[in-house]
1. Restrict the check to region 53-62 and report whether at least one residue is surrounded by 13 or more Cβ atoms within 10 Å (Cβ to Cβ), modelled with pLDDT of 90 or more and more than 26 Å from residue 16 (Cβ to Cβ).
2. When you go through 78, 90 one by one, which is the residue that is modelled with pLDDT under 90 and of a type in the set (Ser, Thr, Tyr)?
3. Pull out all pairs, ordered by first then second residue, where Cβ-Cβ is under 6 Å, the residues are six or more apart or on different chains, the first lies in region 13-34 and is under 19 Å from residue 139 (Cβ atoms), and the second is at pLDDT below 95 and aromatic (Phe, Trp, Tyr).
4. Limited to region 1-31, what total is found for residues that are under 29 Å from residue 108 (Cα atoms) and either away from the ligand (no atom under 16 Å from the Cβ) or at pLDDT below 85 (or both)?
5. Would you say residue 104 is among the hydroxyl-bearing types (Ser, Thr, Tyr), modelled with pLDDT under 90 and either in a helix (DSSP H, G or I) or closer than 17 Å to residue 168 by Cα (or both)?
6. Can you tell me how many residues within region 107-162 are surrounded by fewer than 19 Cβ atoms within 10 Å (Cβ to Cβ), in a helix (DSSP H, G or I) and within 16 Å of the ligand (Cβ to nearest atom)?
7. Just the residues that are within 16 Å of the ligand (Cβ to nearest atom) and in contact (Cβ under 8 Å) with a residue 60 or more places away in the chain, please, taken from region 66-105.
8. Among the residues of region 45-54, is any in a helix (DSSP H, G or I) and within 17 Å of residue 140 (Cβ to Cβ)?
Amino acid sequence: MASMITGREGIADAFEVVLDGRECQRGLCRDLETLADRLGVTVDEGLAERCLAYLHSDLAVHQRDEEAVYRLLGEFDTGDGVAQLIRLATNEHIRHREYACELSEWLEAALHGRAKCNPDALGYLLRCMFDNLSQHLAWEEVTLFGTARQTRELLSGRDLAGQLARNRRAHPARLRLIYSVPSH
Ligand SMILES: [Fe+2]
């Protein structure tokens with residue numbers, strides 16, 4: 001039986017759920033930049049809480065969703081080029097999650113008064129995170145996700161939804177879908 005997964009605002013197509021997760025990551029980048037811009041002797045509490053919620057749970061799930069797409073791409077294209085791109089992307093995901101842990105500790109300490117907020121140090125960490133993540137998303141878009149979008153009909157015939165459901169079951173925290181696509 002095919003797995004069903006429903007994303008934000010009732011998105012039912014598995015590939016669209018993955019794309020929506022990428023949009024959520026872009027939302028995080030915007031929030032981190034705004035947070036850095038507003039830093040003073042205090043942090044914007046609401047914005048910091050929203051970033052922390054995403055860094056703690058959704059970021060890992062959304063990256064694993066991307067990796068589910070990569071595994072399917074790897075089944076279609078077994079060339080060294082694709083395999084290398086997948087390795088690079090996956091290694092960057094690991095680094096981002098490690099960096100997210102460090103940034104979370106700093107943000108929580110500043111937010112709950114366990115340490116005096118050092119705007120320069122925290123601002124540097126925030127800017128590193130959103131710069132790295134933004135560049136990573138842009139790079140994926142012209143490499144692996146460029147190919148994935150072109151072959152999405154092939155991907156849709158596979159059990160991508162099943163893997164997305166497993167990603168959510170494997171994660172201890174319930175997925176919070178808190179970012180919305182900006183309206184232009
Ligand atoms: Fe990624």
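1. Checking region 53-62: not a single residue is surrounded by 13 or more Cβ atoms within 10 Å (Cβ to Cβ), modelled with pLDDT of 90 or more and more than 26 Å from residue 16 (Cβ to Cβ).
2. When all the criteria are applied, what remains is 78.
3. Final answer for the pair search is 24/179; 27/179; 28/54.
4. So the answer is 4.
5. Criteria not met by residue 104.
6. 12
7. 66, 68, 69, 70, 71, 72, 73, 82
8. no
The values are calculated or read from the model by the stated rules, or taken from the named source; none is laboratory data. Note that this is a predicted model, so its numbers are computed, not measured. Backbone-built Cβ (ideal geometry, glycine too); neighbour counts: all protein chains shown.
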